[in-house]
Structure formats: structure tokens, C-alpha cells
Amino acid sequence: MPKAVVCRELGPPERLRLETFAPAPLAPGQVRVAIHAAGINFPDILMSAGEYQLKPELPFTPGVEAAGEVTEVNGAAGVAVGDKIIVKMRHGAYTDEAVVAPSQLTPLPSTFDYAEGATFFAAHGTAYHGLIDRGQVLAGEVLLVHGAGGGVGLAAVEIGKVLGATVIAAASSEEKLAVAQARGADHLVLYAREPFRDAVKRITDGRGADVVFDPVGGEVFENSLRCIAWGARVLVIGFTGGIGLARTNLVLIKGASVLGVRAGEAVRKHPALGEVRQKALTEWAEAGKIRPNVLASAAAGKLRASDAASDRSQSHRPRGADDAVTSTLFVVPAKRSASRGP
């Protein structure tokens, strides 16, 4: 029987359980997908703890994105058995198989394996929405990316370069900065080496950043307001380092905008945004301009259900920028190999 990671009580990842379940029958218009890899994202941890804006009824299976193969179709147009796809979900991706609607499926880019497909749209979709729909980054502008060693941070580095921006990547370790540099970052800032706001002023000759991409929050957000250019856009992606407070005098003096970024909700409100975003990201992936960074993998049948999520959770506990981000981690469910896609 297939297995899934199940949340029966809210709390830390250690409370998640690996359970078997009976396959659900397909209703007309539905598709069954064999999940080969499921990405682990910060919202999964928050949702399992009851701290996310979406609160599914217990019990539920976490996971917002996965990649796999279509194994059964019941009258769903445009989908065929054997299609290699990415699955987008609000929750439910930590499983051996899933029953979904065709609208939740996207073809797996030919350049990706299943692991990369399972860690693609959550991070790169957020970065796209932040930089293009909200921040409206222009070629030649200076983009400061915090948490640049993490999945969403690396995605912002890549997309910033595609857009022609000068990218300043800030991260907590040399290792993370090396990855960001390999993805195109023009300047590197190690948080422990010097105050990042001083580094940004030095790099920009005192002008500051035009756009700030901030998944960290806390003091990082507050100090970002002290190294921005006139008319800057400060993008609030998340708060892994705590909730930051905006000093309105700094926002006023710089003529700046502080913009919240909710990629998923934006598409639910305006579906056309999702179509444009998905098309652009897929084209860039096929052209080799963007690619997820997969840190590690583990077969769910060979470890406790909570292990991978717990590792990710520890990386996101609100202790500050040094601990805020890691590269992408994913889980390959039991009975499946970490085989490559196409």
C-alpha cells in the first residue's frame, strides 16, 4: 500500500508520522500521479505547527510541490499516462501517490530530474512574483538578496541576473556565498564579516540598493532600510529571522515602498499572473538560465518521517540571519529511486 507523511497533531516535525493509506478512486477529470520526489519548504514546517495562514483540518499531509509520473487518467484532457510532471498543491505532496486535477500539473522541464522539479515552483515562483510582479526590477538596478544561500534566495539571484540586475548576495557562510556566486551573483557579503548595510553602501558608492529581496526579516529587514536608494522597493518574502519593524521615517525619506510578496495568493486572486509566470520560468529552465539547487535527498522508508522536515525546521527557527536559510532539501518516497527524469 502507498505511504504518506501525516500530521495528526500540530507541533514540530518530530510529531509527523509515516503511514500507509488506501489509494483513492479517481473521479471523472482526475489524474493519479506516482510521486518520485517532494520538496520541503518553509511553509510546510509552519503549516504542520499550525503557524501558517492556511490551516488544514487534521489529519493532513504536508508538502506543496512534488514531481513524478502520471499513472492513471480518468477523462482528463491534455494528460496521458507516462507524462513526467511537476505537481503544485496547497498541501499533500509528502506521499507515494496523489490524486489531483490537471490544472495542478506542469510538464517537467527536459533539463530537470525529479528532485529539481520538486523544488522548482515554490522558490522560483516566489522569486519571480517578488522581483517582476511586485518589485518590477529593471536592467542595471542593484538588487540586494538576503538569505542568498537558500532555495528562494538562490532563485532570486538567478532571476535577478536574467533581468539584468547587479546582484549583491548576502549569506551566513562562505559555502553559501560560493553557491550564490556560481549562480551569477556579482558581489558577495558575509554577514559575520561586516555589517551588510555598510557593505552595500561600499559596493554602491553610497547610493544603496534599488530592490531588497528579504526572506529573513527581523534586524535584517530593519537594517535594509538603511542601505536603500531613492525609490527603493523592499520585498518582504518571509520572516525566518523574526518579524521586522519598518521605521516609517526611513521609508518616507527614501521615497521607498515596502511590498508583501505572496506568490500563491496572488495567482488565486489573479490566475492570469500564474500562466505568465509558469511560461516564463519553464522557458528559462529549458534554456538553462535557472535551475534549483538540491542539497540532499533521503528515502522516506529509510528514515523517520520527521527527519528531513526536522532538519529543514532547524534551519528556519527564528534565531537570526546566520541560521535563516539552507539550500533545498527533498525527500524521495519509499519504493522509488532517486532516478533522473527524462
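Scanning for something surrounded by 22 or more Cβ atoms within 10 Å (Cβ to Cβ), among the aromatic types (Phe, Trp, Tyr) and under 19 Å from Pro43 (Cα atoms), does region 207-228 turn up at least one residue? Yes; the residues of region 207-228 include at least one that is surrounded by 22 or more Cβ atoms within 10 Å (Cβ to Cβ), among the aromatic types (Phe, Trp, Tyr) and under 19 Å from Pro43 (Cα atoms). Among the residues that make up region 53-70, is at least one of them farther than 22 Å from Ile40 by Cα and modelled with pLDDT of 95 or more? No; the residues of region 53-70 include none that is farther than 22 Å from Ile40 by Cα and modelled with pLDDT of 95 or more.
Selection within region 109-158: residues that are buried (at least 24 other Cβ atoms within 10 Å of the Cβ) and of a type in the set (S, T, N, Q). The member of this set that is nearest to Arg197 (Cα to Cα) is Thr126. Reported count of residues in region 126-145, each being over 18 Å from Arg262 (Cβ atoms) and within 16 Å of the chain's Cα centre (by Cα), is 1. Elements of the type strands (runs of 3 or more DSSP E) sitting completely within region 1-49 and holding at least 1 residues that are without any contact (Cβ under 8 Å) to a residue 24 or more places away in the chain and either of a type in the set (D, E, K, R) or over 17 Å from Ala122 (Cβ atoms) (or both): these cover 17-20.
The requirement of being crowded, with 20+ Cβ neighbours inside 10 Å and more than 19 Å from Leu144 (Cβ to Cβ) is not satisfied by Arg183. Condition test on Val189, is it more than 16 Å from Arg233 (Cα to Cα), free of Cβ contacts under 8 Å to residues at least 24 places away in the same chain, crowded, with 24+ Cβ neighbours inside 10 Å and touching a strand residue (DSSP E or B) at 6+ places or on another chain (Cβ under 9 Å)? Yes, satisfied.
The values are calculated or read from the model by the stated rules, or taken from the named source; none is laboratory data. Keep in mind that this is a model prediction, so the values were computed, not measured. Please note: Cβ atoms are built from the backbone with ideal geometry, for glycine as well, and neighbour counts cover all protein chains shown.
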